Amino acid sequence: MQSLPIVWQRLVNPAGDTCGRCGNTHESVLAAVEALKEILKPLDVAPILETREIDSESFRVDPSQSNRIWIAGKPIEEWLDAKVSSSCCDTVCEGAHCRTLEIGDRTFEVIPPGMVIKAALIAASKMVDSAKRAGGCACDTGCCTHRHSPF
């Protein structure tokens, strides 16, 4: 089974707290990973979640590093053709301008599960395609003599 790495990082203050934006994105990422386990099973791909913490000092230097998601080594914004932006954040972030994503005319402070799933599916399709090509098949159809998975 191939692994699909999903990395999410956010600010955690010395008391162990994070902001509402990051807390809600955490819930979204967990829900997305659970859904992806079933969705990707027929492709023989397993999502593997790693969570990272950023300390307050690192956050002050670069707040855009908090609430970041990478899938298969690429930032989620690359998979989704999204733009990184920022908006003022609350409590733990002490009014810093924290990461948001813009897709079209919508801005997302909390990354919804569907966006994580969509990006992961795009990444997984690239992985499966690369694996197929590495197996000696360079076509995209079933016209050759290689056996093709229906996925």
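Things to note:
- Accessible surface computed residue by residue for the stretch 2-128, with neighbouring protein chains in place and a 1.4 Å probe, gives 50 Å² per residue.
- Each residue was assigned an accessible area with a 1.4 Å probe, and for residue 58 the value is about 60 Å².
- Whole-Å distance, taken between Cα centres, linking the stretch 96-120 and the stretch 6-85: 11
- Other residues lying with their Cβ under 13 Å from the Cβ of residue 83 contribute a combined charge of -3, Lys and Arg counting +1, Asp and Glu -1.
- Ranked order, 53, 34, 109 - accessible area, probe 1.4 Å, largest first: 53, 34, 109
- Accessible-area value, residue 127, 1.4 Å probe, nucleic acids and ligands omitted, Å²: 30
- Largest accessible area first, the residues 79, 8 order themselves as 79, 8 under a 1.4 Å probe with ligands, DNA and RNA left out.
- Trypsin sites (Lys or Arg not before Pro) within the stretch 30-91, DSSP loop, no more than 11 other Cβ atoms inside 10 Å: none
The values are calculated or read from the model by the stated rules, or taken from the named source; none is laboratory data. If you're wondering where the values come from, they're calculated on a predicted model, not measured in any experiment. Methodologically, a virtual Cβ is constructed for each residue, glycine included, from the backbone with ideal geometry; neighbour enumeration extends over all protein chains shown. Side chains included, ligands, DNA and RNA excluded: accessible areas come from the protein's heavy atoms. Shrake-Rupley method; radii C 1.70, N 1.55, O 1.52, S 1.80 Å.
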